[in-house]
1. Tell me, A:D337, A:D315, A:D359, B:D203 in order of fewest to most beta-carbon neighbours within 10 Å?
2. Note the angle between two axes, namely the Cα long axis of helix B:305-324 and the longest principal axis of the Cα atoms of chain B, as a number of degrees from 0 to 90, rounded to the nearest 10.
3. What lysines sit close enough to A:K125 to cross-link, taking a C-alpha to C-alpha distance under 23 Å and skipping anything fewer than 8 places away on the same chain?
4. Explain nothing, just compute: Karplus ³J(HN,Hα) = 6.51 cos²θ - 1.76 cosθ + 1.60, θ = phi - 60°, for every residue of region A:202-213 in order, whole Hz, x for Gly and Pro.
5. If one computes P(r) from the Cα atoms of chain A, what percent of pairs lie at distances over 26 Å?
6. Compute, for chain A, the length of the dipole vector about the Cα centre, with Cβ point charges of +1 (Lys, Arg) and -1 (Asp, Glu) only. Units Debye, rounded to 20.
7. Under the rule of -39500 (n - 2.57) per DSSP H run of 4 or more residues, summed and divided by the residues of chain A, what mean residue ellipticity at 222 nm is obtained, to the nearest 500 deg cm²/dmol?
8. Name the residue from A:I230, B:T254, A:L211 whose Cα lies farthest towards the positive end of the charge dipole of the protein assembly as shown, charges +1 on Cβ of Lys and Arg and -1 on Cβ of Asp and Glu.
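What follows draws every value from the coordinates through simple rules; no lab data is involved. Note that the structure is predicted; figures quoted are calculated from it, not measured. We place every Cβ from the backbone using ideal geometry, glycine too, and count neighbours over all the protein chains shown.
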Protein chains: 2
Amino acid sequence: MSTTRPLNVGLIGLGTVGSQVAERMLSWGPQLSRRAGVELCLKRVLVRDLTKRRSIEVAADLLTTDPSAILDDRSIEVVIEVAGGDEPMRSYIERAILAGKHVITANKVVMAKHGPELLDQAAGKNVDVYFEAAVGGGIPLISTFRMDLQANKIERVSAVINGTTNYVLGRMASGSTMTDAIREAQEAGYAEADPTDDIGGFDAAYKLAILGSIAYEIKVRPDEIYREGIEGVEPVDFRYARELGFAIKLIAHTQRHPGRVEARVHPAMIPLDHPLARVEGAENAVFVEGDLVGQVLLVGQGAGGRPTASAVVGDLIDLARSIRRGVQSRPSFSFDDRIGVIPIGEVKTRAYYRIRVDDRAGVLAAIGQVFAEEGVSISSFIQKDAWSHDQTAELVVTTHPSLDASLQRARERMAQLEPVRTVSSFLRVF
Amino acid sequence: MSTTRPLNVGLIGLGTVGSQVAERMLSWGPQLSRRAGVELCLKRVLVRDLTKRRSIEVAADLLTTDPSAILDDRSIEVVIEVAGGDEPMRSYIERAILAGKHVITANKVVMAKHGPELLDQAAGKNVDVYFEAAVGGGIPLISTFRMDLQANKIERVSAVINGTTNYVLGRMASGSTMTDAIREAQEAGYAEADPTDDIGGFDAAYKLAILGSIAYEIKVRPDEIYREGIEGVEPVDFRYARELGFAIKLIAHTQRHPGRVEARVHPAMIPLDHPLARVEGAENAVFVEGDLVGQVLLVGQGAGGRPTASAVVGDLIDLARSIRRGVQSRPSFSFDDRIGVIPIGEVKTRAYYRIRVDDRAGVLAAIGQVFAEEGVSISSFIQKDAWSHDQTAELVVTTHPSLDASLQRARERMAQLEPVRTVSSFLRVF
């Protein structure tokens, strides 16, 4: 392949990320081409609406609403997909691969659900699929697992990987209600009009599926990941957490066990001196432990147009270098199908319960009895606020590590106790 | 090149790092070979003493004391150098390159002093030089600059990159004297018998030279970096720092200016809420700012046999993949010779002075006069302890950003003032 012929790129999506990708390619051409070793040419851009006003200037004849104008253009060697969502993007990516095009995508949904299959197809067609931008914006994660940590057995990955929930929990820690905090996040551009994907932990589970698959070279499916959103966290929990020495974060955690891996997304109490407790606002942080390297922490802006474009264009330069040399630069993937995900009930966790009870004798004995029968050892048992108007009190119980199934059963059984009004909160302690 | 023929590796050095590299290669052969796509064979190991007892078992016939047994063995395609120090290692690396061998090195001195020349030679011989392990142990730094952040203009790199001084300063913050803290660091294995290289900031300057060269694609020479060690920091400075809201760290900092870069290593007061203020013990942390990605923080164990071996063997796998395909996988380097380092005097910094003065009228006026004449604006001016036995008092002055030359002149001129006994500390504020 001649080094003088430019590398034609088709871009799918010209939104927050796409416009930053186009902007860097159009305004920084010579630098990018020097680093890539080949001229990079933005040939077509797929958009939904040709007439929409945009923050950057893209020549009108580059724009198209017809996916075939990119996917069937044989002169286009690289397709960048930054539109997001499952279909039709999965199909577009598949079509690009089958047409012998390399793909760069920021699409966490497609990569989490269909990544192993698409990577297999790509290997069969001898093309590459890059997806650094699908997790953690511009933080170097995929490349770190695929390259730098290859000499390691990865033991665990723990991350605060959803900026929206971290922003919302941060506002709640400062006294906001969840409703107000979500509205603030929407106004600040951190949350969608429908925030379910973030608040419910789905976004974090997609990202954890990708990280876990790459870290352990297995197929971690998003629907195999235990997932709980932050909907149940209440303002008072932040006060109790602080008193106990914890912050509350939505944690995405995966850990290697003999023959299986643990993978879960849920709100958790994290010790204040743990680096993940200090992740602020919309930041992301990923904590990796390898058997040689020990613990490595990677922190940065996990979303947004510019950080994500940094990862996309970084992938493009790396890909262009390898295309110029006529080879695949990145290792192909292999996934071990024999390693599965452990059901959450079999995982050992610690729990925090906030319980509203009748303020009378015998309550503690009844609750203690439930934990004893479930084989759960209690770490702390504190009576917090009491209300004279209805003769109730609030108890906070934290446990030592136990089977999660036992902790969940204890929760259900306590809720059935006659003097217990409600188990208001149930959070894992990290 | 056939994929069935093993890739022969020669190892120079079997100390802390080398024994971990050998151990992983010998005990993890199948996994490494699968990831590399080729069998990796440890063919020879250069040691100084054949009879020395070692923590790992290496077959006696692998060991040699003759460098030619590796450098002149045409069957060895990759030389790993983890012995350290300038000569003879620079010559060994050069010989390996000129013999057409690829090189992986953890040698920060050689890469800081001779990196650009060795990389030029390697490009001429169409071989690769990998040096991820030369900076920050297993933290993915070189690869992050060379790959992930390629779409960025790097604006600044700030790092706590010397574990020994960070350990020593941490102990001093807890009340130790420097002498005790250094002895503790030696006992914990964090400091050499002669700690000058660390304490004097030389080690950090080597690492900053490498990071700055890669980040900006220019030649940053270690002797162009302004360098001050931690020798002048006294226990009382930690108390005053805390009262002012700062930690004291040895900082390595480089920043882009129009046509030039700033590059300096010195102890600094760092605001307690800055991530670098929280780097504990022998940990390293590197803070990178790119124009697209924003701020990225990378943290991990910056030294030690296992983390460094993680980087070395990670490089080996990446290199093996590219050798198997008969190409260079990593981009070759280019360095812009027109961009130089700004002399420290022309850099804007902030300063903290601790000054022992005669406790009498007129002192503040005299000191204020010096700052005014140097055009330095004062941020805070606080009288701390006073001693009645000799009628002296201690003043702490912090400034707003000013030319470093003016701050240094103010220091010299204050020392000449009649009521000033001594300027006990002079630290930059970060």
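1. Final ranking by Cβ density, sparse to dense: A:D337, A:D359, B:D203, A:D315.
2. Taking Cα atoms only, the helix is inclined about 50 degrees.
3. Answer for A:K125, where 23 Å is the Cα cut-off: A:K43, A:K101, A:K108, A:K113, A:K219, listed by chain and number.
4. Once rounded to whole Hz, the list reads 5, 4, 5, 5, 4, 5, 5, 4, 5, 4, x, 4.
5. When every Cα pair of chain A is considered, 58 percent fall beyond 26 Å.
6. 1080 debye
7. Only helices count here, giving -10500 deg cm²/dmol.
8. Towards the positive end, the residue furthest out is A:L211.
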